[in-house]
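Nothing in this text is a laboratory measurement; each read-out follows from the coordinates by a stated rule. Please read these numbers as outputs of a predicted model, since none were measured by experiment. Please note: Cβ atoms are built from the backbone with ideal geometry, for glycine as well, and neighbour counts cover all protein chains shown.
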């Protein structure tokens, strides 16, 4: 089984030799922790966790689709937040990207993320094609 790096023109790639945003092995796509940074590397200041989560879920969607899947193929997410009391804002954004059975999910509060203005970071695992025919 080979691994393949997946990229999307909608998601800025990190500098060489740092990490990959998305790797696929077999039918499993592993999406690195995504934040609300835009193509210029600056944080897209969605005013709160809801706005940042929407940016992040869109990036995950772009990468999963580039791997040949759909958002409902995402089976596991880990969400890191700096203000756990704002978790319902993340759930509200998540509802805009998933249908049916939502992915298994872990929510963890951390003291900080890569930059002070980053409030949310989300990583995801998808089994490409698993949601086809599911209803």
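The set of residues in the stretch 110-122 being surrounded by 12 or more Cβ atoms within 10 Å (Cβ to Cβ) and under 18 Å from residue 88 (Cα atoms) consists of 118, 119, 120, 121, 122. Checked against the criteria, residue 26 counts as touching a residue at least 12 places away in the same chain (Cβ under 8 Å) and over 17 Å from residue 11 (Cβ atoms). Restrict the check to the stretch 49-66 and report whether at least one residue is in a loop (DSSP other than H, G, I, E, B) and in contact with a helix residue (DSSP H, G or I) (Cβ under 9 Å, 6 or more places away or on another chain). Checking the stretch 49-66: not a single residue is in a loop (DSSP other than H, G, I, E, B) and in contact with a helix residue (DSSP H, G or I) (Cβ under 9 Å, 6 or more places away or on another chain). Of all residues in the stretch 24-39, those being under 13 Å from the mean Cα position of the chain (by Cα) and farther than 19 Å from residue 116 by Cα number 4.
Annotation note: of 17, 4, the sole residue that is touching a residue at least 12 places away in the same chain (Cβ under 8 Å) and either in a helix (DSSP H, G or I) or more than 20 Å from residue 117 (Cα to Cα) (or both) is 4.
Could you say whether any residue in the stretch 106-116 is part of a loop (DSSP other than H, G, I, E, B) and in contact with a helix residue (DSSP H, G or I) (Cβ under 7 Å, 6 or more places away or on another chain)? No, every residue in the stretch 106-116 fails to be part of a loop (DSSP other than H, G, I, E, B) and in contact with a helix residue (DSSP H, G or I) (Cβ under 7 Å, 6 or more places away or on another chain).
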